[in-house]
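To start, the structure itself, in structure tokens.
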Amino acid sequence: MTHPFSDLLERSRKPSRLVVGLRSGTSADSIDVAICRMTGQGSAVGVELLHYREHPHNPEVSRRVMGITGLDVRGLAELTRSPRPSRPPRPIPSGTKSTP
């Protein structure tokens, strides 16, 4: 049986890799997206921020995320089917950088 993290460990050994990070802050008003290039390993790892953008939540989604501790499995599933923001994010031209 293969270790669950063996694929991740193998990828971390590549000389250069692109990584996408997603998170929602404590205010739950948006999703933050970062695209980074990582080089090296361990204490010699280097990280270059290639792109960063915040995607705002629909206000109803924010309200429901803030009340997530009271959600059961069905409530979490319904949260993923919530309406999207009315304004789609602008596409980023290839090779450009963005800051918050």
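The values are calculated or read from the model by the stated rules, or taken from the named source; none is laboratory data. Since the model is a prediction, treat every value here as computed from it, not as a measurement. Note that we place each Cβ from the backbone using ideal geometry, even for glycine, and neighbour counts take in every protein chain shown.
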* To do: Could you check, for region 20-30, whether at least one of its residues is part of a strand (DSSP E or B) and modelled with pLDDT under 85?
  => yes
* Can you find a residue in region 71-91 that is in a strand (DSSP E or B), at pLDDT below 90 and surrounded by 10 or more Cβ atoms within 10 Å (Cβ to Cβ)? -> no
